[in-house]
1. In percent, how large is the relative contact order of chain A, given Cα pairs closer than 8 Å and 6 or more residues apart?
2. If you count, for every residue in B:150-162, the Cβ atoms of partner chains within 10 Å of its Cβ, what is the mean?
3. Counting only residues 5 or more places away or on other chains, whose amide H sits under 5 Å from the amide H of residue A:73 once H atoms are built in the peptide plane?
4. Loop-only check: which trypsin sites (Lys or Arg not before Pro) in region B:1-97 are DSSP coil with at most 11 other Cβ within 10 angstrom?
5. Put a dot 7 Å past each Cα toward the Cβ at residue A:116 and residue A:202; how far apart are the dots in nm?
6. Counting only other chains, and only Cβ atoms inside 10 Å, what mean value do you get across the residues of A:128-139?
7. Per residue, how much space in cubic angstrom lies within the convex hull of the C-alpha atoms of chain A?
8. Given the DSSP H assignment, sum -39500 (n - 2.57) over each helix run of at least 4 residues in chain A and divide by its residue total; what's the result at 222 nm in deg cm²/dmol, nearest 500?
2 protein chains.
Amino acid sequence: MNRYDELHGFLIDLDGTVWKGAHIVAGAAETIRTLKEDGKRVLGLSNRGTHSRKGISHFLKEHGIDLPPEDLILSSYVAADFLASRYKKQKVWVLGEEGLVEELKENGVPIADHPKEAKWLVVSLHTKLGYEDLNHAFQAVTHGARIIATNKDKTYPGPSGLSIDVAGMLGAIEASTGARADIIVGKPSHYMFDKAMLKIGCEARETIIIGDSLTSDIAMGELFSISTGLVLTGNTTLKMTEDSIYKPDFVMDSIRDVRQKLQLMKGLNPLKPRK
Amino acid sequence: MNRYDELHGFLIDLDGTVWKGAHIVAGAAETIRTLKEDGKRVLGLSNRGTHSRKGISHFLKEHGIDLPPEDLILSSYVAADFLASRYKKQKVWVLGEEGLVEELKENGVPIADHPKEAKWLVVSLHTKLGYEDLNHAFQAVTHGARIIATNKDKTYPGPSGLSIDVAGMLGAIEASTGARADIIVGKPSHYMFDKAMLKIGCEARETIIIGDSLTSDIAMGELFSISTGLVLTGNTTLKMTEDSIYKPDFVMDSIRDVRQKLQLMKGLNPLKPRK
């Protein structure tokens, strides 16, 4: 049995793996289609907390990729689901974009009318923020709101080059309030992993994560003992992989190669425990 | 000889001591006038890096207080003077307000046209910032600019209550870049103190600082062994003074009382070293 036949669950990172900027990675749509035709379960994962699952699903559909909202595990959704399931009636204040608010509402999380009445501050990337947005978030926390962040990435590849990401927004609030984020839901956290595994419905040993980030995708695979494949279509080079403490099971130029690569790999059957 | 007669230099904090919000503290104008008539040297000190000395001098003049720009030691000015005197030709990028840019230009500090060409990022409170302002500052630092901050106050009393201050702006840049501020010029730093002592032209033992902040005004007095008087017109209560590691030499309700208080105090002559 080859490795491909052993795997049933494919967790696929989106940003840098399926798309880059506004463009779909060449062959990504075809690959996802083939995986599904082969009977694999495919979920899209992303740390980006700026969009709702509906919004991302719609964008993918426009580019020939069929991943319904329920097959997308976005940090916006994981944050919303966490709050909705454990802190049902606690109002939140949002330092983030419209898509995050949409996802929170979709999951029934009540949005506060004033920062001072919020029990939680939800922080994500906010590319349209102004001083008052920072100040409202600050006021929510100084009045007792706990902090939940979609992720803590420092940078993302923006239209004008590498740009300040959630770590900046979070840093502003932490440094001025002395508070620290209680929860960060994005990869490689167990919040993201657990939600993905619940949805994917197969065993960890039958599951692989494919992504472009050593510190979120490959790290999550290592932490939770699932297979890992690194693509070089994002921000990671082969050299960075050599220097990193995180080692993917294999490296490929693009997600396009994943099926062929795995078919050429010997199966782990009987599955060995990972180091 | 009483304590008042021994003192020749008065360093007077502005925000919370001379004014509060948009209002001059009752009696502040008269007190400053009397001190000057008695032959004392009076300087105004402030950690606020949002305004130029000209702007503040103009504002004070409108309210009957005569402190020319050269008798104002603002963190905007101390930052500008530091850069102009030690890094003459190094271009800077500014994350801050118009008054800071004005003060930098006034002192001949060259402003960069693009974040990437800046050798320094000057950070201060910026109540009109947008995401792109944060992002430009981030890009300056990721391209090698060092960080100089006017101060690192976490909060200031804004029009809508306690508001996020420089620590927030600085925290955003530090958390996203991994860099740390090289220099923070505001009280209680020696940058501020040295500049004030150069201007005031008398000995430390003949100098007093009067202010409303334990951690900037009273701390600076303790660090550099000058006399200290705390006013209760700002953010500090008598209770906070009891709990603080910083102990002023004396406490008064308002700057209005400073002359009378000091006249009732025994002189230190011959001046003893401070503990």
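1. 22
2. Mean shielding by partner chains, rounded to a whole number: 2.
3. Excluding prolines and chain starts, which carry no amide H, the hits are A:44, A:45, A:46.
4. Those satisfying the criteria are B:88, B:89.
5. Each label point is offset 7 Å from its Cα along the Cβ direction, giving 5.4 nm.
6. For this peptide, the per-residue mean of nearby foreign Cβ atoms is 6.
7. 128
8. That comes out to -10000 deg cm²/dmol.
Just so you know, all these numbers are worked out from the coordinates, no wet-lab data involved. From a predicted model like this one, the values you see are computed outputs, not experimental measurements. Don't worry about glycine lacking a Cβ; one is built from the backbone with ideal geometry, like all the others, and counts go over all protein chains shown.
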